[in-house]
Structure formats: C-alpha cells, structure tokens
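Take a look at the structure below.
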Amino acid sequence: MKNIKRIATAVALTASALLVSACSSGTTADTTKNAADGRPIVNKENWPEKIPTRGLTKDLTLPLEAYMASYEEQVTVEQAASDLQQSCMKDYGIDLTLPRAGANPPPSDNDANIERRYGLTDRADAEKYGYELPPALQEHTRQTLRDLSGAEVEILTGHTKPEPPKAPGAASAGEPVAAPNQGVKPARAEYNGKKLKTGGCVGWSKEQLGVQDTDPAFVAQLAGDSLEQSMQDDEVIKAVAAWSSCMDGKGHTGLADPYKAMDQGVTIDGKPTTESIALAVDDIDCKTQTDLVKIWFGVESAIQNKQIADNKSRLTGIKGQHGKEVAAARRQMTASAQ
C-alpha cells in the first residue's frame, strides 16, 4: 500500500513553478542554459500539448483535467502578476526585471501527467530517448535576477529580506543552521514617504487579478487518489499482470508493473542506452498488446467521475475561480501590451 501511495503521489505531478520565492531572496536556480545565449527565453514550441496527439494516450483526457489549470493558464496568471509587480515597483522608483514565466515548461500540461501516468506511452520517443525526457525538456533556461536590497525585498514582498543560511560548519557546535526564511518580519510602513502595499507588490498583484490562495493541491490529491484506487481494481490488476507476462516473454523478468520498468530504465546520467531503449520499446509494445492503457484509463475515468459527483460544489468553485483569474490576467496582459 505504501508503494502504491508513493507511485500515485509521484505521478500526480504539480506542473506550476513559483517565482515569488526566487524574487524574495534574489537568487536563481542552478541551471544549464543562460537566457543570454541567443535562444528565446520563452519558446512555446517546447510547451506541453493540452491533449496528447500521439502515442497510447492520444486524445485521452481524464475527467478531473477539466478542473485543473493548464500550463498556458498558469503561465498567463504568473506573467500578468509579474508585470503588475514590475509596474508596482516602478511606482516606488525601482526598476526591476523579473523572470519571464513559461521559460522552463514541464513535460505535461497539467497535474494529471497523462502522457506518463500509466508509464511510457509514446513509442516514437521511446525509440529515441528510452525512459528519458526529450533533450529540449532537460534543458533549463537561467534568467538572472539581481540581488535585491533589503528595502526592495520589503516593497516587493511585504516582509523583510530573509537571513542568508549559514554555510555548513559556520554554526557553533550544537547550533542549528538558519532556515531560508528565518528572521523574516513585516516590512516597514513606507518608503520615501510612499506607503507600502499590504503584502507588498506581490500581494497587490494578486489582489488586482483576484487571485485567491485556495488549496491548489485538492484536485491533484483527488487525481492521486483515483490512480491509487485504480491500481487496486481487479480489471487493472489483470491487465497489469498480462503486461508483466508479456515483458517476461521478451526477457524482462521481475517487472510487477510499468513503474518498475521506468525505475529500471531511467539512467543515472539521463542519457539513454541501447538496453534502456529496448526495454522502453518492449514496454510500450506490451501495453499495446494487452490494451493496458485503454483498460486502466477507463477504470480510472469511472473513479474520477464518482469523485466529481461527490465533490461537485467544491470543484465547480475551483474551476470558476481559475476562470476568473485567467480572464483577469489576460485583460491585464492586453492592457500592458497597448
């Protein structure tokens, strides 16, 4: 059971990326590509498809996906908020360029991660990359953000600049290392005679877009639960056993389910090998032969339809709120472009 929960949690990925924490600390993530190397910062060609157009999950959409924010929607809200924050900072006489949203897309459009929800499903990619992601999705574009002064952090976030963590060994014996946000306090009341906004420019941008800090994990949790339940369904258990037998016949013994194949096929350095590609191709061929994806998808869809019926009011509210936020963000971006 613990293994099932681990798998369900891992598969129900959260696609959104948070920019605020990076803005607050003035740091950038460890990356492999710099935005100044001549490539576009945001390349929509690398964005995930809203609905798969190939492979065993072609045209498949789980019922709960109707209540999940798409990647394009997430980027729209993030970028609109970022534009507002920059405008807000400018009102205080501070020029600040924040990272562009959408520069580092995830492999799936939303938290369902349908392309790999039941293991590998795209044979064309498997023939090239095995269990690894395509090279374009393994790259990470770095966007430099200058270190912000204490006053700038307060204006932007509504709280003081976090104390930097102590270097390993710098603390005295028995003294804990400082947490990233340790020592944070409410921001000053004003800057150069201008009153700071509640929650800083970040809080103000959310207010302008009507963004509510609702529980973003609720739908993803339902999706994790539905996957967990589907894995205990007799029809799915039978189909997985047939897949395992097929894999055994191809020389891949001891694979209880497609996730075991993924664990075995992923390489340490992220580069596919002849063996991992062969395993991946056989994996998908056995899924095709046993109709595993179709069966599994059908069972889980039925589970999700029940979840939706049981949580209709809350899910309707979440979907409506998403719609309001995205609409407000699009209006903001249109106004900014004029």
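The values are calculated or read from the model by the stated rules, or taken from the named source; none is laboratory data. Quantities reported herein were computed from a predicted structural model and do not represent experimental measurements. Neighbour counts run over all protein chains shown; Cβ positions are idealised from the backbone, glycine included.
Worth pointing out:
- The residues of the range 285-338 that are under 26 Å from Ser230 (Cα atoms) and not in a helix (DSSP H, G or I), listed by number, are Asp291, Asn311.
- Scope the range 65-103; condition among the hydroxyl-bearing types (Ser, Thr, Tyr), assigned to a helix (DSSP H, G or I) and under 16 Å from Glu152 (Cα atoms); matching residues: Ser82, Ser87
- Condition met for Ala278 (over 25 Å from the mean Cα position of the chain (by Cα), of a type in the set (A, V, I, L, M), at pLDDT below 95 and part of a helix (DSSP H, G or I)): no
- Tally, over the range 196-230, of residues that are among the small types (Gly, Ala, Ser), surrounded by fewer than 16 Cβ atoms within 10 Å (Cβ to Cβ) and over 22 Å from Thr157 (Cβ atoms): 1
- For the range 259-278, residues that are farther than 21 Å from Glu139 by Cα, out of contact with any helix residue (DSSP H, G or I) (no Cβ under 7 Å at 6 or more places or on another chain) and not hydrophobic (A, V, I, L, M, F, W, C) total 4.
- Filtered residue count, the range 127-145, keeping only those that are in a loop (DSSP other than H, G, I, E, B), within 18 Å of Val42 (Cβ to Cβ) and in contact with a helix residue (DSSP H, G or I) (Cβ under 9 Å, 6 or more places away or on another chain): 5
- Residues that are under 30 Å from Asp83 (Cβ atoms) and among the β-branched types (Val, Ile, Thr), drawn from the range 294-338: Thr316, Ile318, Val326, Thr334
- When residues of the range 313-338 are limited to those that are loosely packed, with under 12 Cβ neighbours inside 10 Å and not polar (S, T, N, Q), the one nearest to the chain's Cα centre (by Cα): Gly320
- Which numbered condition Gln85 misses (of (1) touching a residue at least 60 places away in the same chain (Cβ under 8 Å); (2) more than 21 Å from the chain's Cα centre (by Cα); (3) surrounded by fewer than 18 Cβ atoms within 10 Å (Cβ to Cβ)): (3)
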